[in-house]
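Taking it in order: structure first as C-alpha coordinates, then the write-up.
The values are calculated or read from the model by the stated rules, or taken from the named source; none is laboratory data. Because the structure is a prediction, the values reported are computed rather than measured. Don't worry about glycine lacking a Cβ; one is built from the backbone with ideal geometry, like all the others, and counts go over all protein chains shown.
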Amino acid sequence: MAPLSFPARLLREPLLHFIVVGALLFGIDHVVAARKDDPHLIVLGADVDKEARTLFRDAKGREPTALEMATLRERWVDNEVLYREGLSLRVDQGDSTIRERVIFKTLNVVQANLQAPKIDDVALRAWFEKNRAKYGEPARLDFLEAVLVGDASDDAVNGFVAALNRSASQGEAKGGLRVFKGRPRDNIVASFGGE
(Lines give C-alpha, C1' and ligand atoms only; values in the text may rest on other atoms or scores of the structure.)
Protein backbone atom coordinates (compact mmCIF):
# COMPACT_ATOMS: atom_id res chain seq x y z
CA MET A 1 0.00 0.00 0.00
CA ALA A 2 1.33 3.37 -0.97
CA PRO A 3 1.91 5.99 1.71
CA LEU A 4 -0.83 8.64 2.04
CA SER A 5 -0.18 12.08 0.73
CA PHE A 6 0.14 14.99 3.14
CA PRO A 7 -3.38 16.39 2.44
CA ALA A 8 -4.91 12.94 2.93
CA ARG A 9 -3.06 12.46 6.23
CA LEU A 10 -4.13 15.95 7.32
CA LEU A 11 -7.82 15.17 6.64
CA ARG A 12 -7.58 12.07 8.85
CA GLU A 13 -6.03 14.00 11.75
CA PRO A 14 -8.44 14.28 14.79
CA LEU A 15 -6.80 17.50 15.94
CA LEU A 16 -7.76 19.14 12.65
CA HIS A 17 -11.35 17.92 13.07
CA PHE A 18 -11.42 19.41 16.58
CA ILE A 19 -10.08 22.78 15.35
CA VAL A 20 -12.55 22.98 12.43
CA VAL A 21 -15.58 22.07 14.57
CA GLY A 22 -14.47 24.52 17.28
CA ALA A 23 -14.05 27.32 14.73
CA LEU A 24 -17.51 26.60 13.32
CA LEU A 25 -19.05 26.74 16.80
CA PHE A 26 -17.33 30.02 17.61
CA GLY A 27 -18.44 31.46 14.26
CA ILE A 28 -22.08 30.46 14.83
CA ASP A 29 -21.98 31.86 18.37
CA HIS A 30 -20.57 35.15 17.08
CA VAL A 31 -23.34 35.47 14.47
CA VAL A 32 -26.07 34.63 16.99
CA ALA A 33 -24.64 36.95 19.65
CA ALA A 34 -24.35 39.79 17.13
CA ARG A 35 -28.10 39.60 16.51
CA LYS A 36 -28.93 40.10 20.20
CA ASP A 37 -29.30 43.58 21.62
CA ASP A 38 -26.27 44.83 23.47
CA PRO A 39 -27.36 45.38 27.09
CA HIS A 40 -24.88 48.27 27.35
CA LEU A 41 -26.23 50.04 24.27
CA ILE A 42 -28.97 52.61 24.83
CA VAL A 43 -30.98 53.42 21.73
CA LEU A 44 -32.93 56.64 21.72
CA GLY A 45 -35.58 55.93 19.09
CA ALA A 46 -38.48 57.81 17.59
CA ASP A 47 -40.86 56.25 20.12
CA VAL A 48 -38.93 57.92 22.96
CA ASP A 49 -39.11 61.29 21.19
CA LYS A 50 -42.82 60.84 20.57
CA GLU A 51 -43.49 59.98 24.22
CA ALA A 52 -41.37 62.93 25.41
CA ARG A 53 -43.21 65.32 23.08
CA THR A 54 -46.59 64.03 24.25
CA LEU A 55 -45.70 64.36 27.93
CA PHE A 56 -44.28 67.86 27.39
CA ARG A 57 -47.32 68.95 25.36
CA ASP A 58 -49.70 67.61 28.03
CA ALA A 59 -47.79 69.39 30.80
CA LYS A 60 -47.01 72.71 29.10
CA GLY A 61 -49.72 72.98 26.46
CA ARG A 62 -47.22 73.56 23.61
CA GLU A 63 -44.57 71.77 21.57
CA PRO A 64 -41.06 71.62 23.07
CA THR A 65 -38.26 73.69 21.54
CA ALA A 66 -35.10 72.02 20.19
CA LEU A 67 -33.24 72.84 23.41
CA GLU A 68 -36.08 71.45 25.53
CA MET A 69 -36.14 68.27 23.41
CA ALA A 70 -32.39 67.85 23.92
CA THR A 71 -32.91 68.21 27.67
CA LEU A 72 -35.76 65.67 27.60
CA ARG A 73 -33.57 63.20 25.69
CA GLU A 74 -30.71 63.64 28.16
CA ARG A 75 -33.07 63.09 31.06
CA TRP A 76 -34.45 59.96 29.39
CA VAL A 77 -30.94 58.56 28.87
CA ASP A 78 -30.02 59.35 32.50
CA ASN A 79 -33.17 57.60 33.71
CA GLU A 80 -32.47 54.59 31.49
CA VAL A 81 -28.91 54.33 32.82
CA LEU A 82 -30.17 54.52 36.40
CA TYR A 83 -32.88 51.95 35.68
CA ARG A 84 -30.45 49.46 34.14
CA GLU A 85 -27.92 50.02 36.91
CA GLY A 86 -30.64 49.42 39.49
CA LEU A 87 -31.57 46.15 37.78
CA SER A 88 -27.93 45.05 37.69
CA LEU A 89 -27.64 45.83 41.41
CA ARG A 90 -30.91 43.90 41.94
CA VAL A 91 -32.54 46.72 43.86
CA ASP A 92 -35.85 45.48 42.49
CA GLN A 93 -35.53 42.25 44.49
CA GLY A 94 -37.42 42.13 47.78
CA ASP A 95 -38.99 45.57 47.41
CA SER A 96 -42.72 45.32 48.08
CA THR A 97 -43.43 48.66 46.37
CA ILE A 98 -41.83 47.52 43.12
CA ARG A 99 -43.57 44.15 43.43
CA GLU A 100 -46.95 45.84 43.88
CA ARG A 101 -46.26 48.14 40.91
CA VAL A 102 -45.42 45.16 38.68
CA ILE A 103 -48.59 43.38 39.85
CA PHE A 104 -50.63 46.53 39.18
CA LYS A 105 -49.22 46.94 35.67
CA THR A 106 -49.75 43.25 34.90
CA LEU A 107 -53.35 43.47 36.07
CA ASN A 108 -53.86 46.51 33.85
CA VAL A 109 -52.54 44.58 30.85
CA VAL A 110 -54.71 41.57 31.65
CA GLN A 111 -57.82 43.65 32.31
CA ALA A 112 -57.31 45.68 29.15
CA ASN A 113 -57.63 42.46 27.18
CA LEU A 114 -60.68 41.23 29.08
CA GLN A 115 -64.22 42.04 28.14
CA ALA A 116 -66.99 41.50 30.62
CA PRO A 117 -69.88 39.51 29.20
CA LYS A 118 -73.06 41.43 28.50
CA ILE A 119 -75.63 40.44 31.12
CA ASP A 120 -79.10 41.89 31.36
CA ASP A 121 -80.95 42.46 34.64
CA VAL A 122 -83.20 39.43 34.16
CA ALA A 123 -80.26 37.04 33.74
CA LEU A 124 -78.41 38.63 36.66
CA ARG A 125 -81.42 38.31 38.97
CA ALA A 126 -81.93 34.68 37.87
CA TRP A 127 -78.28 33.90 38.65
CA PHE A 128 -78.49 35.47 42.11
CA GLU A 129 -81.74 33.60 42.85
CA LYS A 130 -80.08 30.35 41.82
CA ASN A 131 -77.10 31.10 44.10
CA ARG A 132 -79.01 32.75 46.95
CA ALA A 133 -77.59 30.31 49.52
CA LYS A 134 -74.06 31.55 48.77
CA TYR A 135 -74.82 35.27 48.85
CA GLY A 136 -78.06 35.67 50.78
CA GLU A 137 -77.91 37.09 54.29
CA PRO A 138 -80.20 35.15 56.65
CA ALA A 139 -82.86 37.06 58.55
CA ARG A 140 -81.53 38.16 61.92
CA LEU A 141 -83.70 38.63 64.97
CA ASP A 142 -83.37 40.51 68.25
CA PHE A 143 -85.27 39.19 71.25
CA LEU A 144 -85.28 38.89 75.01
CA GLU A 145 -85.64 35.64 76.92
CA ALA A 146 -87.13 35.97 80.39
CA VAL A 147 -86.97 33.09 82.84
CA LEU A 148 -89.27 33.13 85.86
CA VAL A 149 -87.54 32.00 89.02
CA GLY A 150 -89.55 30.57 91.90
CA ASP A 151 -93.39 30.69 92.01
CA ALA A 152 -94.95 29.71 88.64
CA SER A 153 -98.61 30.42 89.51
CA ASP A 154 -100.79 32.48 87.17
CA ASP A 155 -100.60 35.50 89.47
CA ALA A 156 -96.79 35.26 89.66
CA VAL A 157 -96.48 34.89 85.87
CA ASN A 158 -98.85 37.84 85.24
CA GLY A 159 -96.94 39.98 87.75
CA PHE A 160 -93.64 39.00 86.12
CA VAL A 161 -94.97 39.90 82.65
CA ALA A 162 -96.30 43.23 83.96
CA ALA A 163 -92.91 44.01 85.52
CA LEU A 164 -91.15 43.19 82.24
CA ASN A 165 -93.57 45.36 80.31
CA ARG A 166 -92.85 48.26 82.66
CA SER A 167 -89.13 47.72 81.86
CA ALA A 168 -88.43 46.80 85.44
CA SER A 169 -84.96 45.71 86.36
CA GLN A 170 -84.14 42.02 86.61
CA GLY A 171 -84.13 42.18 90.39
CA GLU A 172 -87.68 43.50 90.56
CA ALA A 173 -88.90 40.94 88.04
CA LYS A 174 -87.26 38.14 90.04
CA GLY A 175 -86.15 36.34 86.91
CA GLY A 176 -83.29 36.05 84.50
CA LEU A 177 -83.44 38.23 81.43
CA ARG A 178 -81.13 37.38 78.51
CA VAL A 179 -80.73 39.66 75.51
CA PHE A 180 -80.18 38.18 72.04
CA LYS A 181 -79.13 40.59 69.25
CA GLY A 182 -78.81 39.82 65.55
CA ARG A 183 -79.22 36.07 65.81
CA PRO A 184 -79.86 34.14 62.55
CA ARG A 185 -83.21 32.39 62.47
CA ASP A 186 -81.59 28.97 61.94
CA ASN A 187 -79.54 29.48 65.12
CA ILE A 188 -82.66 30.33 67.13
CA VAL A 189 -84.57 27.33 65.76
CA ALA A 190 -81.65 25.03 66.67
CA SER A 191 -81.52 26.42 70.22
CA PHE A 192 -85.21 26.96 71.06
CA GLY A 193 -87.21 24.99 68.51
CA GLY A 194 -89.21 26.08 65.49
CA GLU A 195 -92.33 27.34 67.23
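The criterion of at least 3 residues that are at pLDDT below 85 is met, among helices (runs of 4 or more DSSP H) falling completely within segment 1-91, by 6-11, 14-35. Is it the case that segment 98-107 has a residue that's of a type in the set (Val, Ile, Thr), more than 24 Å from the chain's Cα centre (by Cα), surrounded by fewer than 11 Cβ atoms within 10 Å (Cβ to Cβ) and part of a helix (DSSP H, G or I)? No, the conditions are met nowhere in segment 98-107.
Each residue in segment 120-162 was checked for being within 27 Å of ARG185 (Cα to Cα) and hydroxyl-bearing (Ser, Thr, Tyr), and 1 pass. Any residue in segment 158-173 that's of a type in the set (Phe, Trp, Tyr): show its pairings with residues that are modelled with pLDDT of 65 or more at Cβ separation under 7 Å, as long as the two are six or more apart or on different chains. That search, which allows pairs on different chains as well, returns PHE160/LEU148. Being in contact (Cβ under 8 Å) with a residue 40 or more places away in the chain and either closer than 30 Å to PHE180 by Cβ or out of contact with any strand residue (DSSP E or B) (no Cβ under 6 Å at 6 or more places or on another chain) (or both) is not true of ARG62.
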